[in-house]
Amino acid sequence: LEIYLDGSGKSDDLNCRFLTLAGVLAEEGVWNEWAERWRNILGEYGVEYSHMRELFQESKGPFQAWDHGRKQKFVLALLQSLSFKDRIKLICTSLTVDLAAYRRLAVRPDIKPPEAVCVDFCLSHVFAHPYFGDDPADVVFDNGEKFERYLNYMWTRNRSDKASWASHVRI
């Protein structure tokens, strides 16, 4: 099994309103099928990759000359590539934290950092799914992902707890 995680937002940026972590868990065969679909869509649109932050910035990456309609169709095609005949084999999860609300609560010392809340929720969700049972999974992050630090911290603290998602993760 592999779970790919990607985050958005920075909790230490006071101008950032939301913090999001999303993940997708699947077996190798499912990843191979999906990767082929993904590559076909990239080829159809004439790009080598997709980074949403570049897609919606006017002056970055291969999407500069695209109008809003083309961008919208591209995102929809990518999302549809996640459709499988047997949906139980591909588990998706995400959590978004409203940082303004979080900051009002965070005055208490027992509140986890918002990145840790996202990691704990997303991994608890995917490993609670009955299809995957006790199978271990490799975790893959985008380069330089801040959430990775929180995953490592929580994994180190909980990896021997069989009731925790941490016992299912290989780092």
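The values are calculated or read from the model by the stated rules, or taken from the named source; none is laboratory data. Just so it is clear, the structure is predicted and the values come from calculations on it, not from any experiment. Note: ideal-geometry Cβ built from the backbone for every residue, glycine included; neighbour counts use all protein chains shown. Heads up: the accessible areas ignore ligands, DNA and RNA and are worked out on the full protein's heavy atoms, side chains in. Shrake-Rupley method; radii C 1.70, N 1.55, O 1.52, S 1.80 Å.
Restricting attention to region 19-56, which residues are among the aromatic types (Phe, Trp, Tyr), surrounded by 14 or more Cβ atoms within 10 Å (Cβ to Cβ) and in contact with a Leu (Cβ under 8 Å, 6 or more places away or on another chain)?
Residues satisfying the conditions are 34, 38.
If I ask for residues that are in a loop (DSSP other than H, G, I, E, B) and modelled with pLDDT under 90, which ones from region 13-36 would you list?
27
Could you tell me which residue of region 2-18 is farthest from residue 125 (Cα to Cα), considering only residues that are crowded, with 18+ Cβ neighbours inside 10 Å and within 8 Å of the chain's Cα centre (by Cα)?
7
State whether one or more residues within region 85-95 are modelled with pLDDT of 90 or more, in contact with a Gly (Cβ under 8 Å, 6 or more places away or on another chain) and farther than 27 Å from residue 33 by Cα.
No: region 85-95 contains no residue that is modelled with pLDDT of 90 or more, in contact with a Gly (Cβ under 8 Å, 6 or more places away or on another chain) and farther than 27 Å from residue 33 by Cα.
Tell me the helices (runs of 4 or more DSSP H) entirely within region 74-169 that contain at least 3 residues that are open to solvent by 20 Å² or more (accessible area, probe 1.4 Å) and touching a residue at least 24 places away in the same chain (Cβ under 8 Å).
114-127, 147-158
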